[in-house]
1. May I ask you to list the residues in the stretch 27-40 that are modelled with pLDDT under 90 and out of contact with any Asp or Glu (no Cβ under 8 Å at 6 or more places or on another chain)?
2. All but one of (1) within 10 Å of the chain's Cα centre (by Cα); (2) at pLDDT 85 or above hold for Gly80, so report the exception by its number.
3. Of everything in the stretch 72-88 that's part of a loop (DSSP other than H, G, I, E, B) and not aromatic (Phe, Trp, Tyr), which residue is farthest from Ala41 (Cα to Cα)?
4. I'd like to know if the stretch 68-76 contains one or more residues that are under 18 Å from the mean Cα position of the chain (by Cα) and of a type in the set (Phe, Trp, Tyr).
5. Filter the stretch 89-114 for residues that are of a type in the set (A, V, I, L, M) and assigned to a helix (DSSP H, G or I); which is surrounded by the fewest Cβ atoms within 10 Å (Cβ to Cβ)?
6. When the residues of the stretch 47-71 are filtered to those that are part of a loop (DSSP other than H, G, I, E, B) and without any contact (Cβ under 8 Å) to a residue 40 or more places away in the chain, which remaining residue is farthest from Phe33 (Cα to Cα)?
Amino acid sequence: MPSTQASPPTRETVHGQLRAAGFQVTPQDHGRFRVQKESCAAEILYRPEGRFELAEGPGYLVGASIARLEDEGYQKFLVGEGVKVPALAEHLHAIHRFSEELKAALGLTSLYNESLGTVSDIYVYDRLRGREKDQV
């Protein structure tokens, strides 16, 4: 009986899908490729079995690095290599739009809670700092 599963997409097929959706695709080291659109980017790792994983991002570009979004309770920050700047509404909208467009281009599922708005990479709240040291 023939297999009903489609073969996994090749790296070239995925690159073509991303370019057709308006993304710039740039090869990186170690099987990664950078996907960029406007001021946001992500690095994706291609697995030989046809799976893709987010290796870095999605995030806002600060210089050449992809800044991670850090939530400190009272403010969100863009944190990159040697830089930490307050995240503005335009940054959050750009990251959210980029994330949703990237998922659509890759055919990934968009989760409900992520579709509502931007999700931070790091959560750091003042009231939690050092708490793990105090516990016995």
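1. Pro27, Asp29, His30, Gly31, listed by residue number.
2. (1)
3. Step by step, filter the stretch 72-88, then rank; the result is Gly73.
4. No, there is no match, as no residue in the stretch 68-76 is under 18 Å from the mean Cα position of the chain (by Cα) and of a type in the set (Phe, Trp, Tyr).
5. By that ranking, first place goes to Ala89.
6. Per the stated criteria, the residue is Gly63.
So that you can scan it fast, the table gives a plain yes or no per residue for (1) among the hydrophobic types (A, V, I, L, M, F, W, C); (2) on the phi < 0 side of the Ramachandran plot; (3) crowded, with 17+ Cβ neighbours inside 10 Å:
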site: Ser7; (1), (2), (3): no, yes, no
site: Gln17; (1), (2), (3): no, yes, no
site: Phe23; (1), (2), (3): yes, yes, yes
site: Ala41; (1), (2), (3): yes, yes, yes
site: Ile44; (1), (2), (3): yes, yes, yes
site: Arg51; (1), (2), (3): no, yes, no
site: Pro58; (1), (2), (3): no, yes, yes
site: Gly63; (1), (2), (3): no, no, no
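The values are calculated or read from the model by the stated rules, or taken from the named source; none is laboratory data. Quantities reported herein were computed from a predicted structural model and do not represent experimental measurements. A quick note on method: Cβ atoms are made from the backbone with ideal geometry, for glycine too, and the neighbour counts reach across all protein chains shown.
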